[in-house]
1. Determine the gain in length on full extension of the stretch THR185-TRP86; use 0.36 nm per residue of separation and subtract their C-alpha separation, reporting nm with one decimal.
2. Classify the range 76-143 from the C-alpha gyration tensor, please: rounded if a/c falls under 1.5, else prolate or oblate depending on whether a/b exceeds b/c.
3. At what distance in nm do the modelled label points of ASP19 and LEU192 sit from each other, each positioned 7 Å from its Cα along Cα→Cβ?
4. Whenever you get a sec, compute what percent of the accessible area on the chain sits on carbon and sulfur atoms (1.4 Å probe).
5. Does the range 10-76 classify as rounded, prolate or oblate by the C-alpha gyration tensor (a ≥ b ≥ c root eigenvalues; a/c under 1.5 gives rounded; else a/b over b/c gives prolate, otherwise oblate)?
6. Sort PHE183, PHE142 by heavy-atom solvent-accessible area, probe 1.4 angstrom, most to least.
7. Which listed residue (VAL132, GLY109, LEU77) has the Cα farthest towards the positive end of the charge dipole for the chain, taking +1 on Lys and Arg C-beta and -1 on Asp and Glu C-beta about the Cα centre?
8. Among HIS65, HIS122, HIS130, whose mean-square fluctuation peaks in a Gaussian network model of the chain (Cα, cutoff 10 Å)?
Amino acid sequence: MTNWPVQPFTIRRTCSPLDFGAAGDNETDDTVAVQSAINSCSTIVFDSGKRFLIGDVMLNHSNLHLRFEANASAILLPSGGGLLAWCSGCIYENVSVVGAGGRSSVIDGQGWRWWSTPGIAHKPKLLVLHNVRSACVRGMLFRDSPTFHLLMRGDRMSIVDCRVEAGLDNCDGYATQPNTDAFHTHGTNIYLA
């Protein structure tokens with residue numbers, strides 16, 4: 001069995017959040033620049049060695065490819081809502097989030113800021129792909145989400161060569177980081193490898 005690739009599409013434009021004023025310095029809020037890149041381009045490159053701090057970012061169109069180079073990170077701000085493709089009454093097609101593999105391309109939720117808060121209703125997830133068709137997440141490390149690391153709902157979805165780390169600095173495990181499910185999937189034709 002092979003994973004379902006994202007279908008070929010016309011690349012409108014390739015850009016980086018740096019093209020829209022992001023600092024990628026792990027200090028500056030880069031949310032507006034990352035969102036501007038997504039709004040303007042079909043392929044967004046998160047540059048090697050950069051650490052982009054983000055809040056609520058909407059993955060708001062079909063034919064969208066996020067590419068994390070080696071040693072690139074997106075880090076959730078304390079008030080952040082994660083990367084969300086949430087489409088009510090429509091379907092986003094051909095969406096991919098691809099990293100360099102291993103542990104070098106990271107989406108970090110800084111979950112320790114949230115884990116002592118009871119319940120999960122208002123805690124962000126790192127990556128949500130809701131109502132998607134032909135979606136692929138590959139080669140990413142998801143670290144310390146406030147709640148679910150990756151939530152996918154749709155058809156023809158694949159998760160390949162991804163890793164999840166949650167609260168690895170302690171030995172008592174689940175008690176201190178509740179509801180940090182790794183991959184929460186719903187739908188048809190789901191491939192995990």
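1. 34.2 nm
2. oblate
3. 3.6 nm
4. For the chain, the apolar C and S fraction of the accessible surface comes to 51 percent.
5. prolate
6. Sorted descending by solvent-accessible area, the residues read PHE183, PHE142.
7. With unit charges placed on the Cβ atoms, the residue in question is VAL132.
8. Evaluated over the chain, the most mobile residue of the options is HIS122.
The values are calculated or read from the model by the stated rules, or taken from the named source; none is laboratory data. Remember, predicted model here, so these are calculated numbers, not experimental data. Glycine also receives a Cβ, built like all others from the backbone with ideal geometry; neighbour counts cover every protein chain displayed. Side chains are part of the model used for accessible areas, which takes the heavy atoms of the whole protein and leaves out ligands, DNA and RNA. Shrake-Rupley method; radii C 1.70, N 1.55, O 1.52, S 1.80 Å.
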